[in-house]
Amino acid sequence: MDEASLPDAARVGPFFALRTGGGDPEAEGYARIGEAYRLTGAGTAGPVLRARVEAVAASLRTDEPRVAASLVFQGLAARVWSLALGPATLSGGVPHLRPDRLWWNPGRVAPDDLWWPGAPPVMGEPGGLAGPVGTAAIVHLVPLHQAIERAYRVSGRLLWGNAASALAGSLRVLHDWCRAHGRAEAADRAVEL
């Protein structure tokens, strides 16, 4: 996978796009996404996650933070699945978007919500790409799952169901895009992954 793979995947849609390149994420209101996975000493959501949950709750016009937290999890799950599946399917590599290096702006929407300054490192595996795709998602999904389950008291099973739904949605979008653009082999590879 080369630097062209991320823009190639970005053509599928905004959930498959990642902002890359230079600049100062912190100066533009971004925080390292790993900060969203940390709780306060009292077990409540830290400021990054709380800001996103509050924004989603306001957009839904709900006073129930658990509903908003569940949707925050599903939305981020769809982003990380898409960012792993798209390049793996189209270019044969998976960006290694570590939580301590990936920046997130909870006030923005895809594709401007996530930023990796520079070019992200790539994972590959001689035996196939399914392992790296899973790894790329799990490094985000597990700590986010734990944070939301504890801080917002959302059922862990419900959250994993949301992650599965997000994966199915990302796969459907990618598969349909590949078919519509004459890339039948890539569509099959997406399903296989």
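The values are calculated or read from the model by the stated rules, or taken from the named source; none is laboratory data. Quick caveat, the model's predicted, so the values are computed rather than measured. Counting neighbours? That spans all protein chains shown, and the Cβs are built from the backbone with ideal geometry, glycine included. Keep in mind that these areas ignore ligands, DNA and RNA; they rest on the heavy atoms of the full protein, side chains included. Shrake-Rupley method; radii C 1.70, N 1.55, O 1.52, S 1.80 Å.
Some notes on this structure:
- All helices (runs of 4 or more DSSP H) inside segment 119-193 with 1 or more residues being of a type in the set (F, W, Y) and open to solvent by less than 50 Å² (accessible area, probe 1.4 Å): 130-152, 156-180
- Out of L39, L71, L76, sole residue that is over 24 Å from V133 (Cα atoms) and either of a type outside the set (D, E, K, R) or free of Cβ contacts under 8 Å to residues at least 40 places away in the same chain (or both): L39
- Residue among V173, V142, V133 that alone is without any contact (Cβ under 8 Å) to a residue 12 or more places away in the chain and of a type in the set (V, I, T): V142
- Exclusive hit being at pLDDT 95 or above, of a type in the set (A, V, I, L, M), in contact with a Ser or Thr (Cβ under 8 Å, 6 or more places away or on another chain) and assigned to a helix (DSSP H, G or I), set A78, A69: A78
- Reported count of residues in segment 66-80, each being open to solvent by 40 Å² or more (accessible area, probe 1.4 Å), farther than 13 Å from A163 by Cβ and either of a type in the set (D, E, K, R) or in contact with a helix residue (DSSP H, G or I) (Cβ under 6 Å, 6 or more places away or on another chain) (or both), is 1.
- Looking across segment 81-112, the residues that are closer than 21 Å to P143 by Cα and open to solvent by less than 10 Å² (accessible area, probe 1.4 Å) come down to S82, L83, A84, L85, V94, P95, L102, W104.
Each row is one residue, and each column tells you yes or no for (1) on the phi > 0 side of the Ramachandran plot; (2) of a type in the set (A, V, I, L, M, F, W, C); (3) touching a strand residue (DSSP E or B) at 6+ places or on another chain (Cβ under 9 Å); (4) at pLDDT below 95.
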| site | (1), (2), (3), (4) |
| --- | --- |
| H96 | no, no, yes, yes |
| P117 | no, no, yes, yes |
| M123 | no, yes, yes, yes |
| H140 | no, no, no, no |
| V154 | no, yes, no, no |
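- Qualifying residue in segment 139-160 (condition: under 14 Å from A78 (Cα atoms) and among the small types (G, A, S)): no
- In segment 35-49, the residues that are surrounded by 19 or more Cβ atoms within 10 Å (Cβ to Cβ) and assigned to a helix (DSSP H, G or I): A36, Y37, V48, L49
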